[in-house]
Amino acid sequence: MSAKLWKLLNDKNPEAEKLAQELGISIMLGRLLINRGIDESKKAKAFLNPELSQLHDPFLLSGMSCAIERISKAIELQEQVLIYGDYDVDGISSVSLLVRVLAKFLPGKMLYYLPKRLEEGYGLHQSSLEKALARGTTLIITVDCGISALNEAEFLKQKGIDLIITDHHEPPVTLPQACAIINPKLPDCQYPFKQLAGVGVAFKLLQGLTSVYPEMKERLLRNLDLVAFGTVADIVPLLDENRILVKYGLEQLSRTENIGMQALLYTVGLKERAISCGQIGFVLAPRINAAGRMGSPTIGVKLFLTSDSMQAAEFAKELEIANQSRQEIENLVLCEAQAQLNADPKLLEEHALVLAGEGWHLGVIGIVASRLVELYNRPVLLISFDGEEGRGSGRSIVGFNLFNAIENCGKQLLRYGGHEFAAGLSVSREQFEAFRKHFLELAKAQLTKEDLIPSLKIEEMIELGKVTLELTKELNCLAPCGSANPTPVFGCRALNLVDYRNVGENGKHLKLRVREQETIREGIGFNLGFINQELAAASEIDLAFSLEENYWNGSAQVQLNLKDVKARGSEEVG
């Protein structure tokens, strides 16, 4: 019924009771905090009660003072400034944030540019910079990119143009020559939190500017919705500053003043509702990303910058159409990739998948790679060839640093970049097989057979009677949940199956009721409708689930959000 390996986290930690007593919380919540590496009372209080006052001093970032001095000069002299970003949601949010906050201080003096994914690819491009210089630009600020732009930085230096780089990607050994480089991952940077998204680094730059322009602070805080949007979409750990920024950004998002954001929320039926990280990740962000994947990413920036509600509605409609097109093309590429696997089953014996196709759409291969990771639980690289060069995108699993592996194959590649779980590369057709062989050898050396078995982390096995609305409400204090702070998943053993049925389009979801002694609870399993035949022969089951409040006829009830279902007799709980 289930191929997943349940891994039970240590729920017997003796420190949990002490932490619970110090904080006045339940022992279960204490255990959940310890599972997240939060084992001290001071750290736990900060985690459970995130405040903007807990944000770190932006001047701890190396390069910040030089950047603030140069931008202040640009404001004083009313210079023309170019904001250069990336084409994904993080980059689009970053560009929009800087323009919205700085526009009042540099009226009519701000340009922005995002490269086209399909035509130019990631990073700075000299041709685009030349166009900006021809329009009188004297200062360029990058967001979510630039840390590897050695040649472009040298070009700007020769032209006498100042460059400020803000980025969060892994820095190369040799850094670009720039007026200032702000990246918490720089080797000499003493900043206490290294996992900011690109939009988080852009936020810190603006936070630093508020020391010179205090009137900028209110404007910055009114745009925290963009900071949360890009941070969640980039799947960075929701701990420390990211947790604070996302918490307050989500609150801002529910009452956003951004006309474009309002139009986007209205289009997907979420206007005037509390927005969750899941809704950003699975509903909103894909629509903003769709523009860059299918054509020009500037539609997303235009949406977030417009003050015209009719124009915003048109932009939101364009994004909706682009997203539908993206889904269709994505399914075609996925089918072609799976056809290769079906034609050669030995490919699935490898510890990673490296597949190539002719003319696969560059805008969707990263998403298809993610879907293949979900299906086969191993690192995936998809290469799209056009002529003699192939451009690829990869996604990884826990325990395999994709960027490091690709870097080890660097001699066989034309270009590459990325981080632990996602990366991009370019390879010649001539070198592809050598690269593929080398990469698969690295995967085999670093990953065990057990690493390739899909696993589900269970925080605690509990009795069904303890699954209450009160527990659900207490767990809400862990929100916002996401990377490094997952929504807690619990397990129950040997539950009586009361009834079940398929729901949703083509019955793809599963609803069921289970009983333990006198307690009956209802659960829903999204995309678990396929197991209905196995349930016909089961009277007792084990369930893995998270908890959520379900509102019906004006009252709230606890509901199980099913993550996995196992027939009794399975020994797959670690």
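Remarks
- All strands (runs of 3 or more DSSP E) inside segment 1-115 with 2 or more residues being under 30 Å from Gly136 (Cα atoms) and within 24 Å of the chain's Cα centre (by Cα): 80-84, 110-113
- Failed item, numbered, when Ser94 is tested on (1) under 23 Å from Val232 (Cβ atoms); (2) surrounded by fewer than 24 Cβ atoms within 10 Å (Cβ to Cβ); (3) in contact with a Ser or Thr (Cβ under 9 Å, 6 or more places away or on another chain): (2)
- Here Leu362 meets the list (1) within 20 Å of Asp88 (Cβ to Cβ); (2) assigned to a helix (DSSP H, G or I); (3) of a type outside the set (Phe, Trp, Tyr) almost entirely, failing just condition (2).
- Looking only at segment 269-314, and only at residues there that are part of a loop (DSSP other than H, G, I, E, B) and in contact (Cβ under 8 Å) with a residue 40 or more places away in the chain, the one that is farthest from Leu224 (Cα to Cα): Gly295
- For the condition closer than 24 Å to His169 by Cβ, basic (Lys, Arg) and surrounded by fewer than 19 Cβ atoms within 10 Å (Cβ to Cβ), Arg415 qualifies.
- Looking across Leu77, Leu61, Leu55, one residue alone is modelled with pLDDT of 95 or more, touching a strand residue (DSSP E or B) at 6+ places or on another chain (Cβ under 9 Å) and more than 27 Å from Gly123 (Cβ to Cβ). It is Leu77.
- Residue match in segment 239-251 (condition: in a helix (DSSP H, G or I) and either of a type in the set (Ser, Thr, Tyr) or more than 18 Å from Pro50 (Cα to Cα) (or both)): yes
- Yes/no for Ala149 being among the small types (Gly, Ala, Ser), touching a His at 6+ places or on another chain (Cβ under 7 Å) and either outside the structural domain of Ser393 (by TED's automatic domain parsing) or closer than 29 Å to Arg222 by Cα (or both): no
- Residue match in segment 220-239 (condition: among the hydrophobic types (A, V, I, L, M, F, W, C) and on the phi > 0 side of the Ramachandran plot): yes
- Residue in segment 427-462 that is farthest from Ala369 (Cα to Cα), counting only those that are polar (S, T, N, Q) and at pLDDT below 95: Thr448
- Considering each residue of segment 402-423 in turn, at least one proves to be free of Cβ contacts under 8 Å to residues at least 24 places away in the same chain and either touching a Gly at 6+ places or on another chain (Cβ under 6 Å) or assigned by TED's automatic domain parsing to the domain that holds Asn550 (or both).
The values are calculated or read from the model by the stated rules, or taken from the named source; none is laboratory data. All values derive from a computational prediction rather than experimental measurement. Every residue, glycine as well, gets a Cβ built from its backbone with ideal geometry; the counts of neighbours run over all protein chains shown.
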